Amino acid sequence: MPGTDIATDGLSLSKIGLGCGVFSGAYGPAPQGDIEKAIRAALSSGINLVDTSPYYNDSEIKLGQALLKLGKEFPRSSYYICTKVGRYGYRRADFDYSAKRVAQSVRESMRRLNTGYLDIVLCHDVEFVDIAMVVDVALPRLFELKRRGLVRKVGISGYPLDVLLRICQMQLERGAPLDVCLSYCSFNLHCQELARYAQKLRAAGVETIIAASPLSMGLLRHDETPEWHPAKPELKAAVGKCVELFQSRSERNNAKSNAGATSLAELAETFAFSYNDVDVHLTGAKTEREVEHALLAYDRAQRLQLYKNGMYEDADAQRVYAQVKSILKPFSKYTWPSPPVDA
């Protein structure tokens, strides 16, 4: 697994990171035994970044227990932990960006994750709070913890790219550029808005851009979309048509083809992972099999370069890909409201 060097303090992140939000149960059951196998498979393959948050139910606890159990095989120096501060529930009232809570949250995460330091800490979903709380309170506190050695890299995460960019630019103007910016659901089969912002984020001094959720929070897969998913019904219906295409292809071929993706999720990861203007692609996986599928998709993505070339090696796979792109094209600039109206 190729890596991305970050600054001068020795972080070399793998191009694929393991999103541990799926450990929360929001995408289906996540037994601890399966989680341990998934983490072992990821770390064994060269994936060295794991991402979590206090907001993801007991994800930090499950991740921490697994890493502790695998400690002899994978010492703390062999992987990087990214977690977040500021968000502790669904509604705005569940956010706390105060300096005291930020420091407390870091200590709590360290305890749950069984570690004496955190490699990356992000202000979680910055669009939910007043920007002043981000740049005047939470980030200064995180940079202080960075100077003390408890945190190695500081950044932000969120959905609206214009908000992320504005905060990054403000930090640059203040002489404290951000180390990391995580954007989710902004580069996938139905939305490629991150491509318009990546260079602007670089110009704002961001060292590392992480693109999260190539499956658009479970939307781009054959399984039923989670009830809580914020996409509008028209997009969900379009995704359903894409799923039907793959089902028809499977029946037509009467076997899985090695020439192209055999499911919408495989195609989604292959497409997203072919975008090379970000440093890390973060994808959720709660089983060993899901990790293996992500690795295969990454290898396929680097070979085909779908985003740049738009071509599959196999004519039938190319036809399905073209149809999927056509179905999803009307939503290429669509974004859902964040924060949601009921937050």
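The values are calculated or read from the model by the stated rules, or taken from the named source; none is laboratory data. Treat the numbers as computed from the prediction; the structure is a model and nothing was measured. We place every Cβ from the backbone using ideal geometry, glycine too, and count neighbours over all the protein chains shown.
Take the residues in the stretch 146-159 that are crowded, with 21+ Cβ neighbours inside 10 Å and among the aliphatic types (A, V, I, L, M); name whichever of them is farthest from the chain's Cα centre (by Cα). Only one residue fits best here, namely Val151.
Residues that are out of contact with any Ser or Thr (no Cβ under 8 Å at 6 or more places or on another chain) and among the polar types (S, T, N, Q) within the stretch 151-185 comprise Gln169, Gln171, listed in sequence order. Candidates Cys123, Cys185: the one that is crowded, with 22+ Cβ neighbours inside 10 Å and in contact with a helix residue (DSSP H, G or I) (Cβ under 8 Å, 6 or more places away or on another chain) is Cys123. For Tyr298, the requirement of being buried (at least 18 other Cβ atoms within 10 Å of the Cβ), at pLDDT 95 or above and either small (Gly, Ala, Ser) or in a loop (DSSP other than H, G, I, E, B) (or both) is not met. Can you confirm whether Leu235 is outside any loop (DSSP other than H, G, I, E, B) and more than 25 Å from Gln318 (Cβ to Cβ)? When the stated conditions are applied, Leu235 does not pass them. Where helices (runs of 4 or more DSSP H) fall wholly inside the stretch 122-222, the ranges with 1 or more residues that are over 29 Å from Glu269 (Cα atoms) and modelled with pLDDT of 95 or more are 139-147, 161-173.
Looking at Tyr27, Tyr55, just one residue is modelled with pLDDT under 95, closer than 30 Å to His229 by Cα and either surrounded by 24 or more Cβ atoms within 10 Å (Cβ to Cβ) or not polar (S, T, N, Q) (or both), and that residue is Tyr27.
Give Arg319, Arg289 a once-over and let me know the one that is over 23 Å from Ser183 (Cβ atoms) and at pLDDT 95 or above. Of Arg319, Arg289, the one residue that is over 23 Å from Ser183 (Cβ atoms) and at pLDDT 95 or above is Arg289. Screening Ala231, Ala212 for residues that are in contact with a Gly (Cβ under 7 Å, 6 or more places away or on another chain), closer than 27 Å to Ile156 by Cα and surrounded by 15 or more Cβ atoms within 10 Å (Cβ to Cβ) leaves exactly one candidate, Ala212. What about Leu267, is it within 20 Å of Gly240 (Cα to Cα) and either touching a helix residue (DSSP H, G or I) at 6+ places or on another chain (Cβ under 9 Å) or of a type outside the set (Val, Ile, Thr) (or both)? The answer is yes for Leu267. Can you find a residue that is more than 23 Å from the chain's Cα centre (by Cα), in a loop (DSSP other than H, G, I, E, B), small (Gly, Ala, Ser) and over 17 Å from Ser326 (Cα atoms) anywhere in the stretch 242-255? Yes, there is a match, as at least one residue in the stretch 242-255 is more than 23 Å from the chain's Cα centre (by Cα), in a loop (DSSP other than H, G, I, E, B), small (Gly, Ala, Ser) and over 17 Å from Ser326 (Cα atoms). Candidates Leu18, Leu13, Leu43: the one that is part of a helix (DSSP H, G or I), modelled with pLDDT of 95 or more, surrounded by 15 or more Cβ atoms within 10 Å (Cβ to Cβ) and within 19 Å of the chain's Cα centre (by Cα) is Leu43.
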